[in-house]
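Read the structure below first, then the notes.
Quick note: the coordinates plus some simple rules give every number you see, no bench work behind them. Note that the coordinates shown come from a computational prediction; the quantities given were computed from them, not determined experimentally. In this analysis, Cβ positions are derived from the backbone assuming ideal geometry, glycine residues included, and neighbour counts consider all displayed protein chains.
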Amino acid sequence: MRVIYILWLRELKRYTRSRAQIIASLGQPLLYLLTLGFGLGPIFRASGAGSYLQFIAPGVISMTVLFTAMFSGIALLWDRQFGFLKETLVAPVSRLQIMVGRMLGSATVSMIQGLLVALVCFVAGFRPASLAMIPVALMFLALIAVVFAALGSAIGATLKDMQGFQMVMNFLVMPIFFLSGALYPLKNLPLVLTAFVSIDPLTYGVDGMRTALTSQTHFGAPLDAAVLGVLIVVVTCFGAWRFSKIEV
């Protein structure tokens, strides 16, 4: 447990030391929130669907957590390149503890980033439907963070160079985001798109966040939480297996 705590604390310190990273990581969520939230707002309202800002805010928050958690895998490649990972792996502790410590640190950082974007959404005019559902929203925020922090760590443990990681991110992260329903309703989609949306893990995170914050749901919060819970177990086991294969 001490190893897990140390690695968790190290990820937090690495994040809080770089104010430029914090500010820069807010750029893309703000771009989606402001350009789409306000740009498409009149069209969304004219269709009788209400405020687009209210609709898109949970998706933008989830997107922030997705990107921050997944790109935490880059830190693993960085540590491998500069030798810190080797020093960690030769320590007399299990690799599972090392992986869990890094994963929880990355998940915590992505949650903080998501909360910062949630604060910006609030300033922009977003209002949750019920304050009593805020703890449920935080639960889904944590589930999304852990799922994708584990996936990012697993990918980072598999690849050996930064170029390969960027390629995987371009072919994985962006489709996960755009197929999640973060930017559009899931009703009345074409059959093929519905199939892809249904197997996208972020879809259930976005739907859970939207259920908690706006009382709009597609699958229902219990199913969303169950799917994310199962994914945490599966992806963590996969990540631990890949982590055990890293050569010192």
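Order these by the 10 Å Cβ neighbour count, fewest first: Ile199, Ile74.
So the ranking, lowest neighbour count to highest, is Ile199, Ile74.
Once R0 is set to 22 Å, what does the formula 1/(1 + (r/R0)^6) return for the Cβ-Cβ distance between Leu179 and Thr217, expressed as a FRET efficiency to the nearest 0.05? If you can, show how the numbers build up before the last one.
Details: r = 18 Å, r/R0 = 0.82.
About 0.75, to the nearest 0.05.
Quote the FRET efficiency, to the nearest 0.05, computed for Leu172 versus Phe38 with a Förster distance R0 of 25 Å and r equal to the Cβ-Cβ distance. Present the calculation step by step, with values, prior to reporting the outcome.
Numbers: r = 29 Å, r/R0 = 1.17.
Efficiency, from the Cβ-Cβ distance: 0.30.
If you take the beta carbon distance between Ser198 and Val233 as r and set R0 to 25 Å, what does 1/(1 + (r/R0)^6) give as a FRET efficiency, to the nearest 0.05? Intermediate results must be reported in sequence, preceding the final value.
Values: r = 20 Å, r/R0 = 0.78.
Here the calculated transfer efficiency is 0.80.
Order of Thr194, Thr108 from fewest to most other C-beta atoms within 10 Å? Walk me through the numbers before you get to the answer.
Values: Thr194 12, Thr108 20.
If I rank by nearby Cβ atoms, fewest first, I get Thr194, Thr108.
Taking the simple approach of a point 7 Å from Cα along Cα-to-Cβ for both Val123 and Asn188, what is their distance in nm?
3.6
Would you order Met162, Met111 from fewest to most other beta-carbon atoms within 10 Å of each residue's own beta-carbon?
Working: Met162 12, Met111 21.
Taking fewest neighbouring Cβ atoms as first place, the list is Met162, Met111.
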